[in-house]
Amino acid sequence: MPKHRLERCGLTVTGACVALVTVLVVTLIVMVASHGLATFANDGIAVGDFLLGTTWNPHQADANGNPTVGALPMICGSFAVTILSTVIALPIAIGSAIFVVEVAPGFGRRVFQPLIELLVGIPSVVYGLIGLSVVVAWTRSWSGSTGYGILSASIVLAVMVLPTVTSLSIDALASVPHEYREGSYALGCTRWQTIWNVVLRSATPSLMTATILGMTRAFGESLAVQMVIGNSAQIPGSLLTPASTLTSVLTMGMGNEAMGTVYNDVLWSLALLLMAMSLVFILIIHLIGGRGAVRHG
């Protein structure tokens, strides 16, 4: 086959792949948006009541005859679990990355990093079962509560997002040019001064990207969270009270409601809200990456 025909064939195949992915993404967004907006366009539910309402009971009508579908408890639960799990996982991830890249690169690359990456392949249900039998029981033993709640879900999610944040943090620190370290040592700085003042500062944009990706992973997790959070649609009063998230309500309710019902439309609205938040996280990642590229450029 002539070279120009081979190149044209390659361009056609790759262009078709890009077009297919684009169509799939657009179709997904349009499908979720059309079903999610039906709650406000067809069912007479106000956007403010949906986003700021504190009572979730789609089978019960309010004083105006509309379903009681306040999503604020699930929104608060999702953000609480996401933020707390990130706070737990981030110091461990960055400390592990420093160990692998700066302290013991040989052992870290050969032994520690492969062990961390093995955690990615463990199914979510396994994390949920371990959280149910270990984390919930441990929380119950010292708190006197049921053990279900934001704290238990955050601990389980922290373990789940740890491999992602750790791997990306290792790549971020390893991408810092070695000349930066040599220059710091030449000025008389110690290893830890170099790590803190040079390596971590240079890798800050990439570390922030790793953090946001970990938060995105935590925000969209459903099965493991559903097993340990308690699934109570109320604004959590503390870290030890049962709560719920957008994903836990979706997984419990979507298979039980017929298409076209108000409850089903409301669940699609939760999915739309979840997708919108994920897109916001992705936008933040691109903004951070762009600023990091400008900074290093």
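Descriptive notes on the structure:
- Where helices (runs of 4 or more DSSP H) fall wholly inside region 153-267, the ranges with 3 or more residues that are not aliphatic (A, V, I, L, M) are 178-186, 191-194, 204-220, 246-253.
- Check on Ile130, among the β-branched types (Val, Ile, Thr) and surrounded by 15 or more Cβ atoms within 10 Å (Cβ to Cβ): yes
Just so you know, all these numbers are worked out from the coordinates, no wet-lab data involved. If you're wondering where the values come from, they're calculated on a predicted model, not measured in any experiment. For neighbour counting, all protein chains shown are included, and Cβ atoms are generated from backbone atoms with ideal geometry for every residue, glycine included.
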